[in-house]
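Structure first, then comments.
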Amino acid sequence: MLKKDKQKVFKDVWSDDHIKSYLERTPYGDENPDFYVLNIAYRYMVADDFARLVTFFKEAGRDVDAVGPEGKNMKQLLSEHPNSEDYLAAL
């Protein structure tokens, strides 16, 4: 049996424009657009890129305390996830 001996390496460097493009994403239903952007970014970005997104997000006047469909904001949601400290710090 082969043993997995290497960690994933992320070599992609995301440009500011790529990260800012997440600000243009919109939900399909009636989900809060600000919550949606943060949630999608959390799912697809490494912590450093997420922190950059949050800076652009705040500069655009968006709401980091927006509530999602489950009645929780991103801080509450992230506090339930292991290894999310860097993401929480960005908010």
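Values quoted throughout were computed directly from the atomic coordinates according to the rules given, and no laboratory measurement underlies them. The structure presented is a predicted model; accordingly, all values stated were derived computationally and were not measured. With ideal geometry, Cβ positions are generated from the backbone for all residues, glycine too; neighbour counts draw on all protein chains shown.
Between helix 33-44 and the chain there is an angle of about 0 degrees, using the helix long axis and the longest principal axis of the Cα atoms.
Taking the Cα centre of the chain as origin and assigning +1 to Lys and Arg Cβ atoms and -1 to Asp and Glu Cβ atoms, the resulting dipole is close to 480 debye. Helix 47-59 and the longest principal axis of the C-alpha atoms of the chain enclose an angle of approximately 10°. Here the calculated FRET efficiency for residue 79 and residue 56, from their Cβ-Cβ distance with R0 = 25 Å, stands at 0.60, rounded to the nearest 0.05. For the chain, the spread of Cα positions along the three principal axes, ordered from largest to smallest, is 48, 30, 26 Å.
The count of lysine pairs in the chain that are at least 8 places apart or cross chains, and whose C-alpha atoms lie under 22 Å apart, stands at 5.
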